[in-house]
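Notes follow the structure.
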Amino acid sequence: MKVLVVGGAGYIGAHMCKLLAESGFELVVCDDLSTGHRAALRWGRFIQASIGDAAALDSLFVRERPRAVMHFAACSLVGESVRDPLKYWRNNVGNTLTLMEAMRRHGVARFVFSSTAAIFGEPRAASIDEDHPTQPLNPYGRTKLAIEQVLRDACAAYDLRAVALRYFNAAGADPSGLIGESHEPETHLIPRLLRRAAGESLDVCIFGSDYPTTDGTCVRDYIHVNDLADAHLRALQQLEREEGFQCYNLGNGRGYTVREVITAVEDVVGGALNIPVGPRREGDPAALVASSKKATELLGWRPLRPAIRDIIESAWRWHREPRF
Ligand code: UDP
């Protein structure tokens with residue numbers, strides 16, 4: 001089967017491309033390289049195009065004839081989405097509609113969509129399952145939720161099968177050392193700590209220590225990027241068996257506080273980082289932990305690298321010698 005990976009030059013998309021290639025899929029990658037990396041493109045044929053470009057998509061679909069699409073191309077900075085919401089609605093929603101219209105024109109009826117825990121907003125339960133209410137707190141989360149709603153409607157109306165995968169905190173890197181996380185600017189906790197440990201002059205602080213958690217810092221559910229890629233593969237296979245729209249929450253089901261992450265990073269890099277406490281970051285819920293029971297039961301998915309130390313070690317291998 002040939003799969004079109006949109007956003008395959010990005011962090012999670014590149015890990016997906018590697019797994020698809022290793023699992024015997026044919027793949028074609030489409031990316032506009034606005035945030036992705038050319039050096040991450042090691043698997044499949046590459047076409048540089050924006051998914052907002054309907055003509056480019058038409059020629060891609062005619063030439064390549066993919067049978068399924070995996071869509072990783074999105075703007076994903078919460079703060080930026082608050083400052084420039086139109087950029088997020090245009091890119092994450094408008095351009096995804098253009099992509100879905102092209103799929104429909106060319107009879108491509110399988111879609112795996114990258115969604116996010118940000119669609120849930122302030123959590124109302126200790127662990128978040130698929131029935132949890134969706135009340136995103138920022139434009140980024142609202143654009144992802146909007147596409148989930150579009151997918152639900154489109155699957156009901158057309159010959160389309162789609163899965164939305166809601167990632168909790170993606171982290172880690174492939175053990176090959178060929179690909180890893182490289183955002184500019186980097187806003188995520190683990191890569192910021194590791195870049196600082198690798199010698200970059202990054203000002204890192206703990207965003208608030210007065211949350212109602214065990215040590216006052218926020219709790220998040222970190223999930224290895226290769227475990228996320230594995231879930232996509234299973235979701236793609238499930239589309240062959242099941243009609244309509246499906247959604248799954250993807251995490252380890254175990255949360256770590258910011259302080260626990262810092263301690264684990266210090267342990268892995270072998271030195272104190274002396275991270276000070278700063279003010280809260282706006283829009284951060286105290287705790288976000290997934291229930292991935294549904295993915296376990298229906299996709300047979302079980303994270304293979306759940307330990308925070310292993311996740312950080314894999315990321316550290318990358319950050320010591322990043323290739324891009
Ligand atoms: N965080 C922090 N300092 C940083 C970056 C993040 O204390 O420099 C905290 C942030 O408030 C959150 C957790 O680390 O509680 C994970 O944040 P990240 O940005 O990695 O992912 P998010 O949960 O926002 O998707």
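FYI, it's all coordinate maths here, none of it is from the lab. Fair warning: this is a prediction, and the values are worked out from it, not measured in the lab. Methodologically, a virtual Cβ is constructed for each residue, glycine included, from the backbone with ideal geometry; neighbour enumeration extends over all protein chains shown.
Which FRET efficiency value, to the nearest 0.05, do you get for His106 and Cys205 by plugging their Cβ-Cβ distance into 1/(1 + (r/R0)^6) with R0 = 51 Å? The pair His106/Cys205 has a calculated efficiency of 0.55.
Taking the Cα centre of the range 246-302 as origin, sum charge times position over the Cβ atoms of Lys and Arg (+1) and Asp and Glu (-1), and report the length of that vector in debye to the nearest 20. Intermediate values should be presented prior to the final figure.
Values: 7 positive and 6 negative charges, 49 e Å.
Using Cβ point charges on Lys, Arg, Asp and Glu, the range 246-302 gives about 240 debye.
Simple point charges give the picture: +1 on the Cβ of Lys and Arg, -1 on the Cβ of Asp and Glu, and for the range 139-211 a dipole about the Cα centre of about 200 debye.
Charge dipole (Cα centre; +1 on Lys/Arg Cβ, -1 on Asp/Glu Cβ; no other charges) of the range 181-268 amounts to roughly 100 debye. Residues whose amide H falls under 5 Å from that of Cys218, counting only those 5 or more places apart or on a different chain, are Val258, with hydrogens built in the peptide plane. Ranking Pro133, Thr143, Ala109 by how far each Cα lies toward the positive end of the dipole of the range 54-166 (charges on Cβ) leaves Ala109 at the top. Between Arg302 and Glu186, the simple spin-label model (points 7 angstrom out along Cα→Cβ) gives 3.3 nm. Close amide-amide hydrogen proximity is noted between Val277 and Ile206, each under 5 Å apart and 5 or more residues distant or on a separate chain (H modeled in the peptide plane; Pro and chain starts excluded).
In order along the range 76-90, the phi-based Karplus estimate (6.51 cos²θ - 1.76 cosθ + 1.60, θ = phi - 60°) of 3J(HN,Hα) comes to 9, 9, 4, x, 4, 5, 6, 6, 9, x, 4, 4, 6, 5, 5 Hz; Gly and Pro are listed as x.
Restricting the GluC sites (Glu not before Pro) of the range 232-324 to loop positions (DSSP other than H, G, I, E, B) with no more than 16 neighbouring Cβ atoms within 10 Å leaves Glu240, Glu242, Glu243, Glu282. The length gained on full extension between Ala125 and Arg280, counted as 0.36 nm times the residue separation minus their Cα-Cα distance, comes to 53.6 nm.
What residue among Ala287, Ala162, Ala198 has the largest mean-square fluctuation in a Gaussian network model of the chain, using Cα springs under 10 Å? Of the options given, Ala198 has the highest mean-square fluctuation.
Taking the chain, how much of its Cα-Cα pair set, in percent, is spaced more than 33 angstrom apart?
Numbers: 11007 of 52326 pairs.
Counting pairs separated by more than 33 Å, the tail of P(r) holds 21 percent.
Pull up all non-local amide H partners of Val289: gap of 5 or more, or a different chain, and H-to-H distance under 5 Å with H placed in the peptide plane. Those qualifying (amide H under 5 Å, at least 5 residues apart or on another chain) are Ile128.
Which whole number in µm²/s is D for the range 161-311 by Stokes-Einstein, with the Kirkwood Rh taken over Cα pairs at 4 °C and 1.567 mPa s? All intermediate terms of the calculation are to be shown ahead of the outcome.
On the way: Rh = 16.7 Å.
In µm²/s, the coefficient rounds to 78.
Each residue of the range 122-137 is assigned a 3J(HN,Hα), and the resulting list reads 5, x, 10, 8, 5, 9, 9, 9, 5, 8, 4, x, 10, 9, x, 9 Hz, derived from the Karplus form 6.51 cos²θ - 1.76 cosθ + 1.60 (θ = phi - 60°), x at Gly and Pro. Taking θ as phi - 60° and the Karplus parameters 6.51, -1.76 and 1.60, the scalar couplings of the range 288-295 work out to 9, 10, 7, 9, 10, 4, 5, 5 Hz in sequence order, x denoting glycine and proline. Of the residues Leu304, Trp43, Trp316, the one whose Cα sits farthest towards the positive end of the charge dipole of the chain is Trp43 (charges of +1 on Lys and Arg Cβ, -1 on Asp and Glu Cβ, taken about the Cα centre). Counting only DSSP beta bridges with both residues in the chain, the antiparallel share comes to about 5 percent.
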